[in-house]
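Notes follow the structure.
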Amino acid sequence: MPETDKSPVVDKVRELQRKLEVCAKQSKTRRFHALYDRIYRSDVLWEAWRRVRSNKGAAGVDEDTLRCIEERGVPQFLEGIQADLKAGRYRPSPVRRQYTKSRWKAAATRDTDGAGPGGASGGEDHDGADL
């Protein structure tokens, strides 16, 4: 799958995002129950991979780095995710708890040093949350 910003795949994913955004803004109470089949679309998975790759995504709790995934083969990796999603076998891993310094969190938690809980998804979430 090409990794260019002007590819038709990227345009289709952005079109899906825009449609969902418009629907959400039109009705604040709307619930999106039929999105599961959109998540495992091949173009969506490839766009998610492109974004994770461009952000130099960190390893999750499973310790799989981008390099490890690339060595095993990105197409196989994404096909595995797609198969698990389609079959209903996909289960996200728990979030790895970590503490970070942040003025925002200090204000929100009234913590003077700014340390507050944060989370990093890992394992089977496959960093597709960008979409």
Averaged over all viewing directions, the convex hull of the alpha carbons in segment 8-93 casts a projected area in nm² of 6.8 nm²
Select from Val13, Leu45, Ala59 the residue farthest towards the positive end of the dipole of segment 8-93; place +1 on Cβ of Lys and Arg, -1 on Cβ of Asp and Glu, and compute about the Cα centre.
Val13
Of Lys12/Lys86; Lys12/Lys56; Lys28/Lys86, those spanning more than 25 Å from alpha-carbon to alpha-carbon
Lys28/Lys86
For Arg30 and Ser54, what does the FRET efficiency come to when R0 = 30 Å and r is the distance between their Cβ atoms, rounded to the nearest 0.05?
0.45
Fewest-first ranking of Arg50, Arg30, Arg38, using other Cβ atoms within 10 Å as the exposure measure
Arg30, Arg38, Arg50
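Values quoted throughout were computed directly from the atomic coordinates according to the rules given, and no laboratory measurement underlies them. Worth saying up front: this structure is predicted, and the values here are computed from it rather than measured. Using ideal geometry, Cβ is built from the backbone for each residue, glycine included, and neighbour counts are taken over all protein chains shown.
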